[in-house]
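Q: Following this message is one structure expressed as structure tokens.
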Amino acid sequence: MQASDPAFWNDSKKAETILKELKHAKKSVQKYIDLNTTLEDLEVLFEFFKEKEVTEEELAKAFENATLAIENIEFKTTLDQEEDALACTLEINAGAGGTEACDWAEMLYRMYVMYGEKNAIKVSEIHRVDGDVAGIKSVVLEMDGHYSYGMLKGENGVHRLVRVSPFNSQGKRMTSFASVFVHPVIDDSIEIEINVADIEWDTFRASGAGGQHVNKTESAVRVRHLPSGVVAECQQERSQHMNREKALQLLKSRLYDIELKKKKAAKSEIEAGKMKNEWGSQIRSYVLDDRRVKDHRTNFENRNTDAVLNGDLEGFLKAFLMWNGK
């Protein structure tokens, strides 16, 4: 085994990548072990049922659990692209509409943070610009977990909120928009070459939470890739050096994402009748007074708006992956 080699940690970044892959592989194997146990338990329960030692309701419940476990395993087969296993960054930008739109962006921010907490995903705030009155103008989160990019890639697009606005004194029903961009975060298993002459650096003072430090030091950094115009920013760390490393990783990840999209576009056109998953596409509506959240691509709907805004996104994510894989 590589990890037992005395020279394994000579290259710490490579070692961390291998250990991460091993951890993910163990999780996948464990899912199959758990499924096998579930099926064996169902067989035993069926024998008990024939002997009238358990009820039909108990057997039906066990069968339902086994069916769900099989569906979850089958669903994972839709995550078959190399980049699906990577972590991701999730960027939220408020649309036009001032405070109402900024508040909606912050609601989405909270929704994705809670999704991460429910699914053992480490969520880190990389960059944030607060709204003038309330909410968030823009924020970038890193979602570091098992198949984070594969699960969340379908969140790309415009998210629409319809509600009676708390910021409107007349209590009018208002519509707000926010855009979400999801990019894979590359690791040491993927090589991206960037010419030093092609990038330009800026430093600035961090904003948002952080106390006196964010107001007094220019630790936040911005890197611009001149040929493509792609920009990445980071204010996550107190050290400018560490922020430069993270910003460069984000820049490489976004350039990698652009290449992925070019390859997919060249490979095939999206089938007729499907909505294109472009940056400007409205993908989902959250209509709070009607108690309805609906995805316009898959027609998947959840009437429990509170649960969705508290991070219950599993149904939407699975529906998109099954729809997209058809």
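Throughout, read-outs are computed from the coordinates displayed, never taken from laboratory work. Bear in mind that the values here come from a model prediction, so they are computed numbers and not experimental data. Glycine also receives a Cβ, built like all others from the backbone with ideal geometry; neighbour counts cover every protein chain displayed.
Q: Test of understanding: what is the full-extension gain from Glu56 to Lys76, defined as 0.36 nm times their sequence separation minus their Cα-Cα distance?
A: My answer for the length gained is 4.2 nm.
Q: Please name whichever of Asn72, Ala134, Val158 sits farthest to the positive end of the charge dipole of the chain, dipole taken about the Cα centre and charges placed at Cβ: Lys and Arg +1, Asp and Glu -1.
A: It is Ala134.
Q: Suppose every K and R has +1 on its Cβ and every D and E has -1 on its Cβ; what is the size of the dipole of the chain about the Cα centre, in Debye to the nearest 20?
A: Result for the chain is approximately 1240 debye, rounded to the nearest 20.
Q: At R0 = 30 Å, how high is the FRET efficiency between Asn299 and Asn195 if r is their beta carbon distance? Nearest 0.05 is fine.
A: It comes out at approximately 0.05.
Q: Let me ask you something else. How big is the chain on each of its three principal axes, counting only the C-alpha atoms and giving the largest first in Å?
A: 75, 69, 46
Q: Computed FRET efficiency, Cβ-Cβ of Ala134 and Asn310, R0 22 Å: what is it to the nearest 0.05?
A: Here the calculated transfer efficiency is 0.65.
Q: Let me ask something additional. Please compute one quarter of the surface area of the Cα convex hull for region 43-122 and express it in square nanometres.
A: Computed as one quarter of the Cα hull surface, the answer is 9.1 nm².
Q: Here's something else I'd like to know. How much length would be gained if the chain were fully extended between Arg224 and His241, taking 0.36 nm per residue of separation minus their Cα-Cα distance, in nm to one decimal?
A: Taking Arg224 through His241 to full extension adds about 4.5 nm, to one decimal.
Q: With a cut-off of 8 Å between alpha carbons and a minimum separation of six or more residues, what is the relative contact order of the chain in percent?
A: Relative contact order comes out at 17 percent.
Q: Which of Val185, Val113 comes first, and how do the rest follow, when ranked by fewest Cβ neighbours within 10 Å?
A: In order of increasing Cβ crowding within 10 Å: Val113, Val185.
Q: In what sequence do Trp323, Trp201 fall when counting other Cβ within 10 Å, fewest first?
A: Ordered by Cβ neighbours within 10 Å, fewest first: Trp201, Trp323.
Q: When you take every Cα atom in region 133-186, what is the radius of gyration, and what is Dmax, the widest Cα pair distance, in Å?
A: Radius of gyration, then largest Cα-Cα span, for region 133-186: 15.2, 48 Å.
Q: Which chymotrypsin sites (Phe, Trp or Tyr not before Pro) in region 94-163 sit in a loop by DSSP (not H, G, I, E or B) and have at most 16 other Cβ atoms within 10 Å of their own Cβ?
A: Nothing satisfies the criteria.
Q: For Asp202 and Gln282, FRET efficiency with R0 = 41 Å and r from the beta-carbon atoms, rounded to 0.05?
A: E between Gln282 and Asp202, to the nearest 0.05, is 0.80.
Q: Sort Asp295, Asp289 by Cβ crowding within 10 Å, fewest neighbours at the top.
A: Fewest to most other Cβ atoms nearby, the residues stand as Asp289, Asp295.
Q: Write out the trypsin sites (Lys or Arg not before Pro) in region 156-208 meeting two conditions: DSSP loop, and at most 10 other Cβ atoms within 10 Å of their Cβ.
A: Lys172
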